[in-house]
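To start, the structure itself, in C-alpha cells.
The values are calculated or read from the model by the stated rules, or taken from the named source; none is laboratory data. Keep in mind that this is a model prediction, so the values were computed, not measured. FYI the Cβ positions are ideal-geometry reconstructions off the backbone, even for glycines, and counts take in every protein chain you see. With ligands, DNA and RNA removed, areas are computed over all heavy atoms of the protein, side chains included. Shrake-Rupley method; radii C 1.70, N 1.55, O 1.52, S 1.80 Å.
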Amino acid sequence: MRIIIQILVAIAVSQTVFAGEKSTFNLSGEWQVLFDKEGTLGIEEASKTTEGWKAITVPHYKIEGLNEKDTKIVWLRRNFDLDEKLTAFNSILRWKQIFFDAVAYINGSETGKSELTAPFWVKIEKGVLKTGKNTIYLKIFCWSALPKTEAGKALIPAGSASFDWGDRAAKVSGEIFLDFYDDIYIINTVVLPNLKDSSAKIKIWLLKEKNAVSPCVDLLIRDKNGEKIVDSTFSAEGENPVSINAVLKNPVLWDTENPYLYTCELTARASGVPYLNISHFGMREFLVKDGDFYLNGKRIVLKGSELVMDWQRSYLKDKNAIYAYAVETAKQMNFNCFRTHTLPPPESWLDIFDKNGMLILAEFPLTFNKTDFKFNKEQEKLFQENSTLDALTRILELANHPSIIGWVISNESKETASGWETEILSKAIKNLDPSRPVLRAGELTEEGRDIHPYQGYWFGTEGSFYSTVTKFAASQEVSHKNKTMLATEYLEAFNVDRQLRWAGKKKETQKDDIIYAEFCAEQTEVLRRLDFDAILPYWYANWNNPKTNFEWRKDIPSPALAAIKSAFSPIFASIDLFNRNFISGSSLKTDIYYINDTDKPVDAEYNFYITVNNPEYVPYSETFLKPFYSATVLKTLKPYERLIQSFEWKLPENEGIYYFSVVTQTPGLAPALSQREIHAISRSKIPSISNKITLAGSNGTVEEYLTANRISFTKEYYDGIESNLLLTCSLKEFQNEYTLKNQVFESFFEKGGTAVILEDESNVPVKVPVELKTISDISSRAFIAEKDSPLLFNIKPSYLARWNDYNGICYKDPVVITTHAPDDNKTTLKAILTGAKPEESPLVVYNYKKGRIILSRLELKKRISPRTPSYDPVAERMFLNLISAAQ
C-alpha cells in the first residue's frame, strides 16, 4: 500500500550539493540483467543465480533479447562502493522512470516498491547501506505480469502500452540515484511565477528528521549572468509545503524569442549539515483569456506537432542531435510547440526546450483512444487513484520547466463533458499547479476544447475534414466562446493504405509524398482560416526522420514539412478554394485569407501565380520564374489581423492541369506558399446519338440535361426496348422494373443492348440481372484501371480526384472486383476504375447474354448541369462518355 503523502512529493530536480561536497551518488552506468520468464525467483534465488546475467547500461530504452510476451520478471543488479563519510548520513533511493512496477533491494533488504512508471523515492533504513561494497537489485515487472482488466488493460496509467501498437518494453529509462543528507532534505521545489507583482512563489517539500532544530531555508536567486538578485532566509517550521514569496525587480520574461532563465538555489538548514538544491525557472505567464492562449500578455497560436517518445530513437542520443531535430529544424518549420503524446518528455529534452524557447504540452500516460477498459468498480477506483498519483508526481518533478505550458491529462477519453477527469483529476492538478492550463487531448476541459479530425484522410472524402472542423468551429462560437479551440491531432502517416486510397499506388519515391503534402497543407490551412488556437498535425518523426526519408531537397527534409512550414508561417495568405474543375477561360473570384499572427503591424507582398508545373510547396520554386500568369498585391496588416478579401483571376483558355499559388513575402521571414491544383476543362461536345435513349426510372436533373442538349430519349418501353442504350438513374428502380418486365429486359440484352446504370446512393445492393458484391466505402478519388477504355475518353488521371462540392465525393459503395460474377453464366467483370483499394471499383463493365451492363457508382447526376452551383465539367464529360457507350 502506498502512503498518501507520496501524492505531495517527488524527486528533487537537478543537481544537489551537500555540505560543500557531492551528496548524490549516481547509480547509472553498467549493470547486469537476468530474465525470469516464469517470475518465480525471489531475491535470495536471484542473488544466488550465477548464470544468465548479461551486461546492460542504465538508463536504456530497450533490453536486448527480451520478449515481453513470455517473460514476467526482469532482474537488474550492480555493485557500488561507498565511503564512511556518506554512510554516516541518512539516505534516499530515487529513480526517474522504470517500466513497469519495480521493487528495489539493497544488500538483500527490500528498500522500496513503486507500482507506477512515474518518478519514485524512498528513505533507506539506517544500517542498510555499508561502508565499502554494496549491491542493489531491481525486480522489474514486465507487461505480461501486471494485473489487468478483462479487456487486457493495466490498472496503472500505461500510455501506449495499453494498446497492441504501443511500447510494452520493460526498461529503466531514467537515472537512479542515492541522495545523502543530515537532518533535513529537500524533496522537491515548485516555482510559480506571478507577473502581476513580479514575484515567484516557491513551494518546498522537506523531509525533516526528529533531531532537526529550527529548520530554515536560505533562498538565493541569480540571473543568467550569475548575479544575485534575491538573497533571503525563511523559516521552514510547519507542514509541507513551505511557501516562500520572492520579488524580482524588473524581471526579464521567458518567451519563445528570449528564453531567459533564472537559477534558484535553496539551502535547507537545521541543527546539522545544510542541504542545497539548485534548479532553474523562467518568469513567464501562460493562460487562457477570452478563448485564446496568451504568453506574457500576448496572444499566441500554438503550431507544431507531436513527439511520440522520440527520445527513444537511436539517432537522438546527444544534445546536438536533439537540438537539431527538435529545436533548430522545428523552428525553421515555424513550429513553436510540441505535444508529447502518451508520456511527458525526459528532463534532458526539457532542459533543451527551456534554453531555446520551445513550448511543450506535456501529456500524462492516461491513454484511452476511445477504448472501454472495462473496469469493475474496485478496479476503476484503483486506476483513478494510481492515475492521480502518477500525474501529481510528474508535475512535482517537471513543474519548474518554463517550456511546459500546459498539462494534458488524457488522450481521447470516453468521458466527454464531465466526470472523474474533469471534476476530480483536473482540480487536483490545478490545486498543485494553478499556473498552467489543464487540457484533454481530443476532449474538453474548462480551458480548452480539442478535436482529432481524421475524417478526410483516414477515411471518407477530402471534404469531410473541411465540414467536420467547420462545424466544430461553428459550435465553438455558439457554446464554448471562453474555451480555446485546439486540433492536437490530424493527418498521421502516409502508410500503404493511405497511399492506395489517395494515390492509387504504393509509394515508390519521395516524389510520391507530394500527394501527402497536399493534405498536410490544405488541412492545416483550413484550421488557420478557422482561427484554431492550437494546430498540431500528427506526427513530427514521420516528416523529419533521416532513417526513412528519401533524399528530396537539402533545405527541407520532406515535402510534408515544406507544406507545413508555409502553412504555419506567422504572416500568411491562404487560398480558400476547395473545388478544382472549372471551364477553361472562365473568370473566378476566390477568397484569400491574409493572416498576421504577430503582435506587430506588417507590410507584406503577395505574389499570385498560375503555373503549369507543380511548385511542390516550395515558395522559391523555379516554376515561378516562368508563370502562365502573375500578379502582385501589397498589404499592411494590423497586429493579429485576419483579412478576408476576394481575388479575381482567370483560368487559361487551353485545357490542362495548372497550379494557382500565392507567395507571401515579409521582411525578416522566409517566404510562404499556399497553392491549389486546378483543372481548366473545355466544355465537352454533345455527342451525336443516332437512336433515342430509353430512360428507365426518373431523374429530373438528367431529364432536364438531356432535353436542354437535344438528346432524344423515351420513357416508353412496355412493349419492348427499341433503342440499343438503356439509361437508368436508379439501381433500385432498375431492379424493380427488371423484375416486373423481365422478358422486356432479357430480350433487350439478347439483342446486344447496353444498359448504363447510374447509382450514387449508399446501401443499394446489386441483385439483378447479376448479383455483385459491393463494399461500404466513400472516397473523393478514383484511379484509372483501363486507360484505353472509351468510357474514359479525355479523362486524365488527375480529373478523377475531388469533384466539385458535396465534400468532393467521387463515388460511394464500389463493386468488389472478382474474376467472375457469382452466377452460372460466369459473367466477366471488368473494372474501368479502381477506388481506395485495388479490389474495389466505382465503374465496372460486365457482359450479360449478348449485351453488357455498365454500372457506375460515381457521383455524377448532381454535377452535370451547368445551371447548378455544383456543376463539374469533368462529371459532365464522364456522363457523356457513358451515354455514348452504345454508339
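Give the residues of region 236-250 that are assigned to a loop (DSSP other than H, G, I, E, B) and open to solvent by 30 Å² or more (accessible area, probe 1.4 Å), sorted by residue number.
Taking region 236-250 as the starting set, the residues that turn out to be assigned to a loop (DSSP other than H, G, I, E, B) are 236-241, 248-250.
The answer is E237, G238, E239, N240, P241, K249, N250.
Within region 857-872, does at least one residue satisfy the condition of being in contact with a helix residue (DSSP H, G or I) (Cβ under 8 Å, 6 or more places away or on another chain), among the β-branched types (V, I, T) and modelled with pLDDT under 95?
yes
Could you run through region 592-615 and say how many residues are acidic (D, E) and open to solvent by less than 40 Å² (accessible area, probe 1.4 Å)? It would help to see each step written out before you state the result.
From region 592-615, those acidic (D, E) are 597, 599, 603, 605; that's our starting set.
Those still in the list that are open to solvent by less than 40 Å² (accessible area, probe 1.4 Å) too: 597.
Summing the residues that are acidic (D, E) and open to solvent by less than 40 Å² (accessible area, probe 1.4 Å) in region 592-615 gives 1.
What residue, of A563, A573, is among the small types (G, A, S) and out of contact with any strand residue (DSSP E or B) (no Cβ under 8 Å at 6 or more places or on another chain)?
Answer to the check: A563.
Filter region 833-855 down to the residues that are surrounded by 20 or more Cβ atoms within 10 Å (Cβ to Cβ) and within 36 Å of the chain's Cα centre (by Cα) and list them by number.
Within region 833-855, L833, T834, G835, A836, E840, S841, P842, L843 qualify.
Only residues that are open to solvent by 20 Å² or more (accessible area, probe 1.4 Å), part of a loop (DSSP other than H, G, I, E, B) and touching a residue at least 12 places away in the same chain (Cβ under 8 Å): list them for region 415-435, please.
E415, T416, A417, P434, S435
Output the residue which, of all residues in region 860-887 that are among the hydroxyl-bearing types (S, T, Y) and touching a Phe, Trp or Tyr at 6+ places or on another chain (Cβ under 9 Å), is nearest to E703 (Cα to Cα).
Among those that are among the hydroxyl-bearing types (S, T, Y) and touching a Phe, Trp or Tyr at 6+ places or on another chain (Cβ under 9 Å), it is S865.
Residue by residue through region 611-664, note down the ones that are touching a His at 6+ places or on another chain (Cβ under 9 Å) and more than 18 Å from Q675 (Cβ to Cβ).
E655
Per-residue answers, yes or no, for (1) open to solvent by less than 60 Å² (accessible area, probe 1.4 Å); (2) more than 25 Å from the chain's Cα centre (by Cα):
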residue	(1), (2)
K374	no, yes
N386	yes, yes
L389	yes, yes
E443	yes, no
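Please go through region 436-474 and pick out each residue that is assigned to a loop (DSSP other than H, G, I, E, B), hydrophobic (A, V, I, L, M, F, W, C) and touching a Leu at 6+ places or on another chain (Cβ under 8 Å).
Passing the criteria: only I451.
Give me the pairs, please: first residue somewhere in region 150-169 and outside the structural domain of D390 (by the TED database), second residue anywhere and assigned to a loop (DSSP other than H, G, I, E, B) and of a type in the set (S, T, Y), beta-carbon distance under 6 Å, and either six or more positions apart or on two chains.
So the pair list comes out as G159/T342; S160/T342.
Among (1) in contact with a helix residue (DSSP H, G or I) (Cβ under 7 Å, 6 or more places away or on another chain); (2) surrounded by fewer than 19 Cβ atoms within 10 Å (Cβ to Cβ); (3) free of Cβ contacts under 8 Å to residues at least 60 places away in the same chain, which single condition is Y315 missing?
Among (1) in contact with a helix residue (DSSP H, G or I) (Cβ under 7 Å, 6 or more places away or on another chain); (2) surrounded by fewer than 19 Cβ atoms within 10 Å (Cβ to Cβ); (3) free of Cβ contacts under 8 Å to residues at least 60 places away in the same chain, the lone unmet condition for Y315 is (3).
Do we find a residue being over 17 Å from A330 (Cβ atoms), assigned to a loop (DSSP other than H, G, I, E, B) and either within 27 Å of the chain's Cα centre (by Cα) or polar (S, T, N, Q) (or both) anywhere in region 299-311? Steps first, please.
First pass over region 299-311, keeping only residues over 17 Å from A330 (Cβ atoms): 299.
Next cut, assigned to a loop (DSSP other than H, G, I, E, B) only: none.
There is no residue in region 299-311 that is over 17 Å from A330 (Cβ atoms), assigned to a loop (DSSP other than H, G, I, E, B) and either within 27 Å of the chain's Cα centre (by Cα) or polar (S, T, N, Q) (or both).
Quick one: which of N277, N320 is polar (S, T, N, Q) and surrounded by fewer than 21 Cβ atoms within 10 Å (Cβ to Cβ)? Walk me through how you get there before you give the answer.
Working: N277 fails: surrounded by fewer than 21 Cβ atoms within 10 Å (Cβ to Cβ).
N320 is the lone residue from the list that is polar (S, T, N, Q) and surrounded by fewer than 21 Cβ atoms within 10 Å (Cβ to Cβ).
Take the conditions out of contact with any strand residue (DSSP E or B) (no Cβ under 7 Å at 6 or more places or on another chain), open to solvent by less than 10 Å² (accessible area, probe 1.4 Å) and under 18 Å from Y61 (Cβ atoms) and apply them to A102. Does it pass? Please lay out each step first, then the result.
Working: out of contact with any strand residue (DSSP E or B) (no Cβ under 7 Å at 6 or more places or on another chain): no; open to solvent by less than 10 Å² (accessible area, probe 1.4 Å): yes; under 18 Å from Y61 (Cβ atoms): yes.
No, not satisfied.
Can you find a residue that is of a type in the set (S, T, N, Q), open to solvent by less than 50 Å² (accessible area, probe 1.4 Å) and assigned by the TED database to the domain that holds I853 anywhere in region 805-821?
For region 805-821, residues of a type in the set (S, T, N, Q), open to solvent by less than 50 Å² (accessible area, probe 1.4 Å) and assigned by the TED database to the domain that holds I853: absent.
List every residue pair whose Cβ atoms sit under 7 Å apart, with the two residues 6 or more apart in sequence or on different chains, where the first one lies in region 353-369 and is over 19 Å from I395 (Cβ atoms) and the second, anywhere, is in a strand (DSSP E or B).
The qualifying pairs are M358/F338; F368/S410; F368/N411; N369/N411.
Could you check region 326-403 for helices (runs of 4 or more DSSP H) lying wholly inside it with 1 or more residues that are closer than 30 Å to W205 by Cα and at pLDDT 95 or above? Spell out the reasoning first.
Working: elements: 329-332, 347-356, 377-398.
Helices (runs of 4 or more DSSP H) meeting the threshold: 347-356, 377-398.
Confirm whether S646 is modelled with pLDDT of 95 or more, surrounded by fewer than 15 Cβ atoms within 10 Å (Cβ to Cβ), assigned to a strand (DSSP E or B) and not charged (D, E, K, R). Before the answer, list the steps.
On the way: modelled with pLDDT of 95 or more: yes; surrounded by fewer than 15 Cβ atoms within 10 Å (Cβ to Cβ): yes; assigned to a strand (DSSP E or B): yes; not charged (D, E, K, R): yes.
When the stated conditions are applied, S646 passes them.
Find the helices (runs of 4 or more DSSP H) located wholly in region 494-593 whose residues include 1 or more that are more than 22 Å from S780 (Cα to Cα), and list them. Step through it out loud before you land on a result.
Working: elements: 496-503, 513-529, 559-567.
Filter on region 494-593 gives 513-529, 559-567.
Of K123, K54, K72, which residue is out of contact with any Leu (no Cβ under 9 Å at 6 or more places or on another chain) and among the basic types (K, R)?
After applying the criteria, what remains is K72.
Could you pull out the residue among K796, K787, K732, K751 that is in contact (Cβ under 8 Å) with a residue 40 or more places away in the chain, open to solvent by 70 Å² or more (accessible area, probe 1.4 Å) and within 30 Å of G463 (Cβ to Cβ)?
Details: K787 fails: in contact (Cβ under 8 Å) with a residue 40 or more places away in the chain; K732 fails: in contact (Cβ under 8 Å) with a residue 40 or more places away in the chain; K751 fails: within 30 Å of G463 (Cβ to Cβ).
That would be K796, the only listed residue that is in contact (Cβ under 8 Å) with a residue 40 or more places away in the chain, open to solvent by 70 Å² or more (accessible area, probe 1.4 Å) and within 30 Å of G463 (Cβ to Cβ).
Among the candidates G112, G39, G132, single out the residue that is in contact with a Cys (Cβ under 9 Å, 6 or more places away or on another chain) and open to solvent by less than 40 Å² (accessible area, probe 1.4 Å).
Result of the check over G112, G39, G132: G39.
Identify, by number, the condition in (1) assigned by the TED database to the domain that holds E733; (2) touching a helix residue (DSSP H, G or I) at 6+ places or on another chain (Cβ under 7 Å); (3) among the hydroxyl-bearing types (S, T, Y) that S674 doesn't meet.
(1)
Could you tell me which of the residues F568, F578 is out of contact with any helix residue (DSSP H, G or I) (no Cβ under 6 Å at 6 or more places or on another chain) and under 30 Å from T868 (Cα atoms)?
F578
Between A104, A118, which is in contact (Cβ under 8 Å) with a residue 60 or more places away in the chain and of a type outside the set (F, W, Y)?
Exactly one of A104, A118 is in contact (Cβ under 8 Å) with a residue 60 or more places away in the chain and of a type outside the set (F, W, Y), namely A118.
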